[in-house]
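S.K.: Provided herewith is a single structure, encoded as structure tokens, for subsequent inquiry.
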There are 2 protein chains.
Amino acid sequence: MKFIERLLTAQRKNDSLVCVGLDSDLAKLPKAVSATAEGQFEFNRRIIDATKGDVCAYKPNMAFYEEAGLKGWAALEKTINYIKDTAPDVVVILDAKRGDIGNTAQAYAKACWALGAHCVTLNPYLGIDSLEPFLKDETKGAFVLCRTSNASGRELQDLDVITPLGPTKLYMHVAKLAMTWGKAGNLGLVVGATMPSELKDVRALVGNEVPILIPGVGAQGGSLEMAVRSGVNGQGLLAIINSSREIIFKDPGPEFDKKAGESARELRTAINRFR
Amino acid sequence: MKFIERLLTAQRKNDSLVCVGLDSDLAKLPKAVSATAEGQFEFNRRIIDATKGDVCAYKPNMAFYEEAGLKGWAALEKTINYIKDTAPDVVVILDAKRGDIGNTAQAYAKACWALGAHCVTLNPYLGIDSLEPFLKDETKGAFVLCRTSNASGRELQDLDVITPLGPTKLYMHVAKLAMTWGKAGNLGLVVGATMPSELKDVRALVGNEVPILIPGVGAQGGSLEMAVRSGVNGQGLLAIINSSREIIFKDPGPEFDKKAGESARELRTAINRFR
């Protein structure tokens, strides 16, 4: 199945644009699980069981697994396998933010696909060489960082750049380049919920066929209504609204999974009101 | 020891600006070692033994270890430990090219330092938030991608940008930002040897105190003389000239390490002629 079809199927089947970010920071795990890589997998397993009917995607961020070294890498692998076994329709977005020259990007792509991910996040600073190895397989996808949700994202991304087509912002130029880079239809963009007007401009530019991954609602403070209305395509689809800490760490108690499930359902309902 | 002092000590002690890139791609390992993560470590060990007196740094690229999954991660860890045990004056540059928002960058920094690296490579697209966690410890360093050696590096990096100080190229703006980002003196830049005039401009801008990591001589075709003359500071130091495939894969035969040692020595001598 082509990547874009997999994503649309997931969004339609669970009637959900919600992505749960599995930023399962060891230091923040509830006391009910151990603060080890084994506890990290146990935590993820319970979060996945509680939320899998209300999401279109899970997004484990590699940093929080690499932090635990070898055992963390194993916990990440187990987590992805668990998602694919118990929620086979849900998309696995590996938040890798990789970017390297051609032969090296090829090795990163092999690493990400070997972990079982359906798609990854990538950094555009090295241009198409660094993305191509991830785009060759149409069953796999990539989301390129365009306008990120962090405060200093503007330092480079909001710069005015001069292009053959006239002046624009760097992030808008990345969105334009992505239209030429992503000929196979499996390239999406990352635009933070904290900047809804930028998100609106990017959606208007890329049209209806390009998925946009939107982190930054919840803990990072982006407005949900604006993010949804600005991010979806004409059919109310292909926006992926990510929430991490506000779902997985909502409740520090022993029933953390129950609360995570409720939060995911509430987010799904709130999003669907604005689609 | 502050990072910059560690680097200067390494360059002076071995009278060398050579960095050997341990891009130990499983598919390219000589037949004398097995094409497994164990073989990868064995290969690295022999390369390190043969070159350690002629280099200032080793630069393992994480992609080629992540590609082998869990066992690759273990091979990377063993390789870094081996360098630190047998060549304690030599700097370990972990070629990670990471870049993520604050709390996530913090987790990546912990992962990189837990592996034992003295410094890492980072991507500037997310701004200072994504670099700060790596710069807090003055004994550790970071090299930010400025102008990369790959063909499509120009797509973003060569764009004309409008800044409060007037128009410039994006990579030059990154170099300017780095001067404000790197207040602790432990921030360097990455500029490819394939673009010597850009390298010259960056060195002129950042002055004598900022280290520049220069990949792209050898397999990527950059001129050595131009790279050295353009990259060193006023004392003929703080340029780090990286060669990977042209050293480690110079000879596919059973004595690959002997040939790697000769190549590293030749590169050291050639560089020193131009300093």
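Just so it is clear, none of the values below were taken in a lab; they were calculated from the coordinates. Since this is a predicted model, take the numbers as computed values, not measurements. Virtual Cβ from ideal backbone geometry, glycine too; neighbours counted across all protein chains shown.
S.K.: Counting only residues that are in a helix (DSSP H, G or I) and closer than 16 Å to A:V120 by Cβ, which one in the stretch A:168-199 is farthest from the chain's Cα centre (by Cα)?
M.R.: A:W181
S.K.: When you scan the stretch A:168-181, do you find a residue that is at the interface with chain B (Cβ under 10 Å from one of its Cβ atoms), surrounded by 16 or more Cβ atoms within 10 Å (Cβ to Cβ) and among the small types (G, A, S), even just one?
M.R.: no
S.K.: Is there any pair with a first residue in the stretch A:139-161 that is buried (at least 21 other Cβ atoms within 10 Å of the Cβ) and a second that is among the basic types (K, R) whose Cβ atoms are under 6 Å apart and which are 6 or more apart or on different chains, and what are they?
M.R.: That search, which allows pairs on different chains as well, returns A:Q157/A:R147.
S.K.: Here is a further query. Taking A:D201 as meeting all but one of (1) of a type outside the set (K, R); (2) in contact with a helix residue (DSSP H, G or I) (Cβ under 9 Å, 6 or more places away or on another chain); (3) within 14 Å of another protein chain (Cβ to nearest Cβ), write down the number of the exception.
M.R.: (3)
S.K.: Suppose we filter the stretch A:73-105 for residues that are out of contact with any helix residue (DSSP H, G or I) (no Cβ under 9 Å at 6 or more places or on another chain) and either closer than 28 Å to A:M172 by Cβ or crowded, with 23+ Cβ neighbours inside 10 Å (or both); how many remain?
M.R.: Here the count works out to 1.
S.K.: Among (1) more than 10 Å from every other protein chain (Cβ to nearest Cβ); (2) at negative phi, where does B:G185 come up short?
M.R.: (2)
S.K.: Let me ask something else. Among the candidates A:K110, A:K97, A:K52, A:K31, which residue alone is more than 25 Å from A:K250 (Cα to Cα) and over 13 Å from the mean Cα position of the chain (by Cα)?
M.R.: A:K110
S.K.: Then there's this: Would you tally the residues in the stretch A:232-275 being among the hydrophobic types (A, V, I, L, M, F, W, C), buried (at least 21 other Cβ atoms within 10 Å of the Cβ) and in a helix (DSSP H, G or I)?
M.R.: Number of matching residues: 7.
S.K.: Another one. When you scan the stretch B:80-100, how many residues do you find that are part of a loop (DSSP other than H, G, I, E, B) and more than 20 Å from B:A184 (Cα to Cα)?
M.R.: Residues flagged as part of a loop (DSSP other than H, G, I, E, B) and more than 20 Å from B:A184 (Cα to Cα) within the stretch B:80-100 amount to 5.
S.K.: Can you tell me how many residues in the stretch A:106-129 are at the interface with chain B (Cβ under 8 Å from one of its Cβ atoms), buried (at least 24 other Cβ atoms within 10 Å of the Cβ) and touching a strand residue (DSSP E or B) at 6+ places or on another chain (Cβ under 7 Å)?
M.R.: Residues meeting the conditions: 4.
S.K.: If you don't mind, there's one more thing I want to ask. Return only the number of the condition from (1) at the interface with chain B (Cβ under 8 Å from one of its Cβ atoms); (2) on the phi < 0 side of the Ramachandran plot that A:V92 does not satisfy.
M.R.: The number of the failed condition is (1).
S.K.: Follow-up question, since we're still on this one. Please count how many residues of the stretch A:1-54 are of a type in the set (S, T, Y), assigned to a loop (DSSP other than H, G, I, E, B) and touching a residue at least 60 places away in the same chain (Cβ under 8 Å).
M.R.: 2
S.K.: Could you please let me know if A:A193 is crowded, with 24+ Cβ neighbours inside 10 Å and either on the phi < 0 side of the Ramachandran plot or out of contact with any His (no Cβ under 8 Å at 6 or more places or on another chain) (or both)?
M.R.: yes
S.K.: Being facing another protein chain (nearest Cβ under 7 Å) and either closer than 13 Å to B:T121 by Cβ or in a strand (DSSP E or B) (or both) is the filter here, so list the residues in the stretch B:56-79 that pass it.
M.R.: B:N61, B:A63 - these are the residues of the stretch B:56-79 that are facing another protein chain (nearest Cβ under 7 Å) and either closer than 13 Å to B:T121 by Cβ or in a strand (DSSP E or B) (or both).
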